[in-house]
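K.L.:
Next up is a structure, given as structure tokens.
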Amino acid sequence: MDIEGYDISKLTSKFKIEALREILKVHFVDSKTRITEDTLQLVAEVVRVLTTEATLRAGRQAHIEGMTEVRVSHVEKILPQLMLDFI
């Protein structure tokens, strides 16, 4: 798939399920709370989509500014709208 000159089929991201599990556990109020494997897979997919979209938007922002590399400032500029779109 091609979006405005970007071939997103070449973008890949993968997150370790155990890392996501530990990140989620930090925010559990009750230590007895458990998370299923299906839920972890779903969280991993949401994180993957979010990071892919952030990468594309930051790259597009860098391109608009005539830059050939993405910087933190580009991510900062796209972050507010990205968060609104994912709510």
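K.L.:
Only one of the values [x] 22; [y] 34; [z] 41 was calculated from this structure for percent of Cα pairs over 22 Å apart; name its label.
P.N.:
Read-out taken from this structure: [z].
K.L.:
I've got another one for you. If you average the sequence gap of Cα pairs under 8 Å that are 6 or more apart and divide by the length of the chain, what percent do you get for the contact order? Don't skip to the end; give the middle numbers.
P.N.:
Values: 46 pairs, mean separation 20.8, N = 87.
Reported relative contact order: 24 percent.
K.L.:
Still on this model: Return the loop-located GluC sites (Glu not before Pro) in the stretch 8-87 (DSSP other than H, G, I, E, B) with at most 16 other Cβ atoms within 10 Å of their own Cβ; answer none if there are none. Show your work: numbers first, answer last.
P.N.:
Numbers: sites: Glu18, Glu22, Glu37, Glu45, Glu53, Glu65, Glu69, Glu76; in loops: Glu65, Glu69.
Passing sites in the stretch 8-87 are Glu65, Glu69.
K.L.:
Let me ask something else. What's the magnitude of the charge dipole for the chain around its Cα centre, counting Lys and Arg as +1 and Asp and Glu as -1 at the beta-carbon? Answer in Debye, nearest 20. Before the final figure, lay out the partial values.
P.N.:
On the way: 12 positive and 14 negative charges, 60 e Å.
So the magnitude is around 280 debye.
K.L.:
Net charge within 15 Å of Glu18 by Cβ-Cβ distance, Lys/Arg positive one each and Asp/Glu negative one each, not counting Glu18 itself? All intermediate terms of the calculation are to be shown ahead of the outcome.
P.N.:
On the way: positive: Lys14, Lys16, Arg21, Lys25, Arg34; negative: Glu22, Glu37.
Once positives and negatives cancel, what remains is +3.
K.L.:
Taking trypsin sites (Lys or Arg not before Pro) as candidate sites, keep only those in a DSSP loop with at most 13 other Cβ atoms within 10 Å, then name the longest stretch of the chain containing none of them.
P.N.:
Working: sites that count: Lys14, Lys16, Lys32, Arg34, Arg71.
It runs 35-70.
K.L.:
Using the membrane-span-like helix rule (whole DSSP H runs, Cα extent along the own axis of at least 24 Å, mean Kyte-Doolittle hydropathy at least -0.5), which helices of the chain qualify? Mind showing how you got there, number by number?
P.N.:
Working: long enough: 37-64 (40 Å, 0.10).
Span-like helices, by this rule, are 37-64.
Here, each number is a calculation from the coordinates, and none is a lab measurement. These figures come from a predicted structure and were not determined experimentally. When we count neighbours, we look across all protein chains shown, and the Cβ atoms used for this are built from the backbone with ideal geometry, even at glycine.
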